[in-house]
Amino acid sequence: MIEWAIIGGGIHGCTAATFLIKSGKTSIDRLRIIDLYDKPMARWRRNTKRIGMEYLRSPVVHHIDVHPLSLQKYSDSAKSRNLYGYYKRPQLDFFNDHSENVLYEVNVQKAWKQGKVVSVKRNERWILTLESGEQIMAENIIVAISVNEQPIIPEWAHKRAFHIFDEQIPDFKKLKPPVVIVGGGITAAHTAVAVSQLFPGKTTLLKRHPFRVHFFDSDPGWLGPKNQTGFRKIEDYQQRREVIKAARHKGSITQELFYKLARFQKRNELQIINGEPVKMNETTITMKDHSNIQAKTVILATGFKSSLPSQPWLQKLILNENLQCAHCGYPIVNESLEWCPHLFVMGPLAELEIGPIARNISGARQAAERIVANL
């Protein structure tokens, strides 16, 4: 039997593991991280590389290590491109190198278990059953899963478009132009830049609203007591949900991406259209105003459903353990992010307690801090 099982090996799960080990709350021998992929943060690396992300949106103090200045100290002063702008946003490769170094320090590969969880039950201790039939017994569980397996696919594009994070999407070089990217947020913007460099003049960014330009995807006040104190005083969880919705700059982009897109548009390498698509056939998207856009390839960067992650094992666990959920379906947890004794949550599952930053790297750090501090 092990002491800690972490379900999910992305940024949140890896942050939890790092904090648990470096704080001395457990050892690598008593920890397991269960993930679909064979390496830590694999989906993060694949997705960010695919869209051509150059710099993270978050500042240098947001990373998977315990000390806030760990990433900044890791920076090589000779490489001026490691950090960008006033908030010192890290270059993607630099951030990934630092993460790999941190995980190497704690020997995380020793705790890694590739597999898919299909059942979680409690019988004195937690019993996790994997798709392979293997069972893992643990004293404590951290559920660190995301909503990335729930892409939003508009009805008009059903079965005729790729979602940007589909497993089976072709390499961008193999796409058939003209290419239309659908979405107005930061993922769509990165994708439009990457694709228009491959197919200049044959790439369109189609969005329903004008660009929403913000430094971050929520006000920086949510990183600390300025906004969090009042949020935690709200006893009505439906009201907390409304506050979270209002606080997020959904579908927004950074200022430098806005200017970059404008440059591509000015050079006629990228067409940018605001409008509402209603229908699509093999080569044409029909808009609400009856205009048409030619497209041999359509890539959806339309985000993910905000509902509770739909894994069957999670739904069964909620019923079997009579776990408290708000009207929106998300967990009601205590300040330690404990859903019931010895069961903790991070990421989207923790947002009714952490707030609108829960899904971000900063939210991963705050969640890990809370769990570790209250053990």
Using only protein heavy atoms and a 1.4 Å probe, report how much of ASP219 is accessible, in Å² to the nearest 10. 70
Between ASN268 and LYS22, what is the FRET efficiency for a Förster distance of 51 Å, r being their Cβ-Cβ separation, to the nearest 0.05? 0.50
From the Cα gyration tensor of segment 8-63, with a ≥ b ≥ c the square roots of its eigenvalues, which class applies: rounded if a/c is under 1.5, or else prolate if a/b is larger than b/c, or else oblate? oblate
On a straight-distance basis, which lysines could pair with LYS173 in a cross-link, Cα separation under 18 angstrom, same-chain partners fewer than 8 positions away excluded? LYS49, LYS202, LYS296
Which of the lysines could be linked to LYS73 by a straight reach, that is with a Cα gap under 20 Å, when you skip same-chain ones fewer than 8 residues away? LYS22, LYS88
Going by the alpha-carbon gyration tensor, a ≥ b ≥ c the square roots of its eigenvalues, is segment 202-330 rounded (a/c under 1.5) or, if a/c is not under 1.5, prolate (a/b greater than b/c) versus oblate? oblate
For segment 58-199, just say rounded, prolate or oblate: build the C-alpha gyration tensor, square-root its eigenvalues into a ≥ b ≥ c, call rounded for a/c under 1.5, and beyond that prolate if a/b exceeds b/c, oblate if not. oblate
For the residue pair ARG160 and LYS245, what label-to-label distance in nm results when each label sits 7 Å from Cα along the Cα-to-beta-carbon direction? 3.0
Where does helix 186-198 land angle-wise versus the long Cα axis of the chain, in degrees 0 to 90, nearest 10? 50
Rolling a 1.4 angstrom probe over the protein chains, ignoring ligands and nucleic acids, what is the accessible area of HIS163 in square angstrom, nearest 10? 0
Those aspartates and glutamates that a straight Cα-Cα span of less than 15 Å connects to LYS159, excepting residues fewer than 8 apart in one chain: GLU167, GLU282
Calculated [θ] (222 nm, deg cm²/dmol) that DSSP helices of n ≥ 4 give over the chain, each run adding -39,500 (n - 2.57): -8500 deg cm²/dmol
Are any of the pairs LYS116/LYS279; LYS116/LYS305; LYS245/LYS266 more than 25 Å apart by Cα-Cα distance, and if so, which? LYS116/LYS279; LYS245/LYS266
For segment 366-374, 3J(HN,Hα) per residue [Karplus equation, 6.51 cos²θ - 1.76 cosθ + 1.60, θ = phi - 60°, Hz, x = Gly/Pro]: 5, 5, 4, 4, 5, 4, 5, 5, 9
For the pair LYS174 and GLN109, the simple spin-label estimate (label points 7 Å beyond Cα toward Cβ) gives in nm 2.9
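The values are calculated or read from the model by the stated rules, or taken from the named source; none is laboratory data. Everything numeric in this text was worked out from a predicted model, so none of it was measured. Every residue, glycine as well, gets a Cβ built from its backbone with ideal geometry; the counts of neighbours run over all protein chains shown. Heads up: the accessible areas ignore ligands, DNA and RNA and are worked out on the full protein's heavy atoms, side chains in. Shrake-Rupley method; radii C 1.70, N 1.55, O 1.52, S 1.80 Å.
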